[in-house]
Amino acid sequence: MGIVEKIKEIEEEMARTQKNKATEYHLGLLKAKLARYRAQLLEPASKSGPAGVGFDVQKSGDARVALIGFPSVGKSTLLSKCTHTASETAAYEFTTLTAIPGVLEYQGARIQLLDLPGIVEGASQGRGRGRQVVATAKTADLILVMLDATKSEEQRRLLEIELDAVGIRLNKRKPDVVFKRRTTGGITLNTTVKLTKTDEKTIRTILAGYKLHNCDVMIREDITTDEFIDVLIGTRKYIPCLYVYNKIDAISLEIVDKLARTKNTVVISCEMDLNLDYLIERIWESLGLVKVYTKKRGARPDLSDPVCLRKGATIEDVCLGIHKSLASNFRYGLVWGRSSKFSPHAQKVSLNHQLQDEDVVSIFTK
């Protein structure tokens with residue numbers, strides 16, 4: 001029996017099983033098996049074949065945004081409008097057959113937009129180019145789920161199912177669980193909160209299903225069984241997401257208003273150039289980048305060419321972003337904060353000093 005057949009068999013058994021306290025442990029074991037088989041399907045242990053390999057597109061710029069959706073939802077049109085990238089577009093399905101990159105320049109940052117081939121139902125089982133789409137999507141800093149505003153909400157649900165099945169968790173954070181393997185000593189399980197969505201017996205059943213008999217587990221939040229399985233597998237990607245509804249020029253204002261008020265949602269029309277500027281603003285906010293300006297001794301800061309970094313970045317990240325030798329030869333740094341409006345008073349800092357948006361930095365080396 002192949003992996004796809006095993007997955008189908010487990011899904012059918014889970015659908016037949018009533019959910020109650022008595023079946024909780026059995027369902028936990030089935031979920032663990034299902035997650036393991038899906039991982040084998042999309043990320044096989046053998047490296048000889050093309051399965052699981054992403055598209056040959058080098059990651060560039062300050063961040064990567066992946067456009068994902070079913071065929072013919074306007075991904076290619078959006079890419080060409082936002083990045084001036086020539087992309088084959090048409091009103092029929094399956095136009096894009098490979099990944100097409102473009103660069104969006106905004107507030108001094110270079111953001112790589114990647115138009116991925118349209119996902120088809122069953123992509124999580126390797127249909128179409130599902131494996132390559134998934135492998136590339138996992139490298140993104142933000143995912144734009146492109147949807148057709150003229151179609152039903154079923155399209156969004158199906159896409160979420162496909163992405164969830166391949167280990168991409170949209171708008172979620174990694175569970176606060178510490179898991180450490182050991183060679184001896186059995187299982188040590190500690191919790192700092194009361195577990196209401198799972199229990200110790202289910203967790204131990206899942207560990208046995210993965211043949212983990214010696215490990216330390218520290219659970220610091222009220223997690224579900226699925227979240228614990230995610231921690232064990234360790235390959236899950238937690239990526240922020242914006243749901244982008246295209247073709248709003250073809251629906252009523254009432255429906256547009258309802259969609260626009262939905263969390264993590266932007267409504268646009270690529271054909272009519274409606275709301276594209278706002279979408280770019282939301283992309284910037286969702287990426288959570290900070291701009292840092294550099295300043296040479298005796299000169300004013302260069303505000304035309306910022307260094308764009310992730311929130312929480314340090315002086316060391318600035319050094320590495322300019323040249324790797326700066327960090328090894330670092331003596332100290334001077335930082336003018338945003339609130340000081342570049343006043344002559346600077347703060348002397350070390351490599352691990354955390355930077356804020358629009359800080360000005362001078363670096364002194366040995």
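The values are calculated or read from the model by the stated rules, or taken from the named source; none is laboratory data. No experiment lies behind these values; they were computed from the predicted model shown. In this analysis, Cβ positions are derived from the backbone assuming ideal geometry, glycine residues included, and neighbour counts consider all displayed protein chains. Surface accessibility is based on the protein's heavy atoms, side chains included, excluding ligands, DNA and RNA. Shrake-Rupley method; radii C 1.70, N 1.55, O 1.52, S 1.80 Å.
Each Lys and Arg contributes +1 and each Asp and Glu -1, all at the Cβ; summed about the Cα centre of the range 210-289, the dipole is approximately 260 debye. Applying the Kirkwood pairwise sum to the alpha-carbon positions of the range 180-225 produces a hydrodynamic radius of 11.0 angstrom. Overall, the accessible surface of the chain at a probe of 1.4 angstrom is composed of carbon and sulfur to the extent of 49 percent. Among the listed options [x] 1.02; [y] 1.05; [z] 0.98, the one matching Rg/Rh (Cα atoms, Kirkwood Rh) as calculated from these coordinates is [x].
Projected onto its three principal axes, the C-alpha set of the range 289-365 covers 30, 27, 21 Å, listed from the longest axis down. When only Cα pairs below 8 angstrom with a gap of at least 6 residues are kept, the chain shows a relative contact order of 14 percent. What base-10 log of the normalised intensity I(q)/I(0) is obtained for the range 240-315 from the Debye formula, alpha carbons as equal point scatterers, at q = 0.26, 0.28 Å⁻¹? Here log10 of I(q) over I(0) equals -1.18, -1.28.
Just the number please: accessible area per residue for the chain, 1.4 Å probe, all protein chains included, in Å². Mind showing how you got there, number by number?
Details: 19560 Å² over 366 residues.
Heavy-atom accessible area per residue stands at 53 Å².
Rolled with a 1.4 Å probe across the full set of protein chains, the surface gives SER325 an accessible area near 50 Å².
Placing +1 on each Lys and Arg Cβ and -1 on each Asp and Glu Cβ, with no other charges, gives the chain a dipole about its Cα centre of roughly 1640 debye.
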